[in-house]
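Take a look at the structure below.
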Amino acid sequence: MPPLADCRFFRFIIPNMENQIRLSVAFSNVVRDNMSNPVQVITTNGQSWSISWVVEEEYPHQIVFTRGWRAFYEHYHLRIGDSMLLSYHQTKFFYVAIHDTRYCEINYGRNLRNGSLPAIPAHGNYTVQFFVIIPVNDPDTLMLPLRFSREYGRSLPRPLTVTTPTEHRHRVGWNMEPNGRIVLHGGWNAVRERYRLRDQWLVLFHYHAVQNTMYVKFFNGHTMEINYLAHAGLGTDCTCITYPSAPRSRHIADGFRSTNPFFVSPILHRLANRFLPNVPPLPGVCEDSPISITNERGAWTVRYTHYVGRTNGCFGMGWSALATACQLRHGHVCVFEWLAPQEYRLHMY
């Protein structure tokens, strides 16, 4: 299974995409100064593609996949109405899952041409993946794809356990319509209200047959994944890179207001003047990179080191000078606010 993605978003195949494809504006704005070029695109059957990209000169300066894209497009027989779920892993590669016009993931590992539903996809341990676009003016129900309904309707438990991005579990009832499609109803409206889901947003489903559980992720109108582990509350795009577990750190994260991404780290006495552990993956930052950190007391260059085999890392070389100058002590909490891919502002509490 691939490591945790830094960002996920959908792109739909529309006419005239054979030679190039534009990535979303929101994504392009964050990564265009740091993303590898060419970048590696790895599909669920394990194949890797090297694709070059350019940035459009005119506003809004989107990233455009160019050289290598046509070969990818033709190899996977992409057609209008297909869609790709791109999971970006800074700064070097994407994992891509391709979905057909019925919104179900295509298993290229079994058969490149027939697009049958996967038994176990190469990039996860779920049984099947698909997505649904939330319909307009229908807050109480959600209709699942016919293909999934036919293959799994006989074995699907009632009610269905739906696990959300915040790890909350919801019991959701469902019925089989005369046309053979499963429709979620009792309990679905509570999910919509809790997460403030809007019409035309996307819901990505991972069904685990062994666990009898449906895991869901939500994508906004720009087809970007929404991170609900946020200080700003449910239904808003998150700026907190990782949500802390310690009560005081969580309280500070809840109260911190910024339009920039940030993360929160408590200071422990035995580590305060040596290094800062458990730093989350930083958007647009390569492994073992220098990070510029500033506040009203000065500016420091600190090296970010990635832990091998894990998703997080630490601030090492240079941290001691910063901790001494800022007089960091046990009990302090630091908020690191993103300014640029390798620049952060330090707020101390």
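The values are calculated or read from the model by the stated rules, or taken from the named source; none is laboratory data. Computed from a predicted structure; not experimentally measured. Neighbour counts are summed over all protein chains in view; Cβ atoms, including those assigned to glycine, are modelled from backbone coordinates with ideal geometry. Ligands, DNA and RNA are stripped out before the accessible areas are found, and what is left, the full protein with its side chains, is counted by its heavy atoms. Shrake-Rupley method; radii C 1.70, N 1.55, O 1.52, S 1.80 Å.
Scanning the stretch 49-72 for residues that are in a loop (DSSP other than H, G, I, E, B) and touching a Leu at 6+ places or on another chain (Cβ under 7 Å) yields one hit, GLN62. The set of residues in the stretch 70-105 that are over 18 Å from ASN45 (Cβ atoms) and under 23 Å from the mean Cα position of the chain (by Cα) comprises GLY81, TYR88, GLN90, THR91, LYS92, THR101, ARG102, TYR103. Within the stretch 165-200, restricting attention to residues that are of a type in the set (Val, Ile, Thr) and in contact with a strand residue (DSSP E or B) (Cβ under 6 Å, 6 or more places away or on another chain), which residue is modelled with the lowest pLDDT? For the stretch 165-200, the residue satisfying everything is VAL191.
Scanning the stretch 73-90 for residues that are under 22 Å from PHE219 (Cβ atoms), out of contact with any His (no Cβ under 6 Å at 6 or more places or on another chain) and either assigned to a helix (DSSP H, G or I) or in contact (Cβ under 8 Å) with a residue 60 or more places away in the chain (or both) yields LEU78, ARG79, ILE80, GLY81, ASP82, MET84, LEU85, LEU86, SER87, TYR88, HIS89, GLN90.
When we screen SER87, SER28 for residues that are buried (at least 19 other Cβ atoms within 10 Å of the Cβ), modelled with pLDDT under 90 and in contact with a Lys or Arg (Cβ under 6 Å, 6 or more places away or on another chain), the only hit is SER87. Being in contact with a Lys or Arg (Cβ under 7 Å, 6 or more places away or on another chain), at pLDDT 90 or above and hydrophobic (A, V, I, L, M, F, W, C) is a description that applies to VAL64.
Selection of first residues in the stretch 247-272 that are open to solvent by 40 Å² or more (accessible area, probe 1.4 Å) and at pLDDT below 70 and of second residues that are in a loop (DSSP other than H, G, I, E, B) and not hydrophobic (A, V, I, L, M, F, W, C), restricted to Cβ pairs under 7 Å at least 6 apart or on distinct chains, gives the following pairs, ordered by first then second residue: THR259/THR239; HIS269/HIS330.
Here is a check on your reading of the model: is ARG198 in a strand (DSSP E or B) and charged (D, E, K, R)? Here the answer is no, as ARG198 does not meet what is asked.
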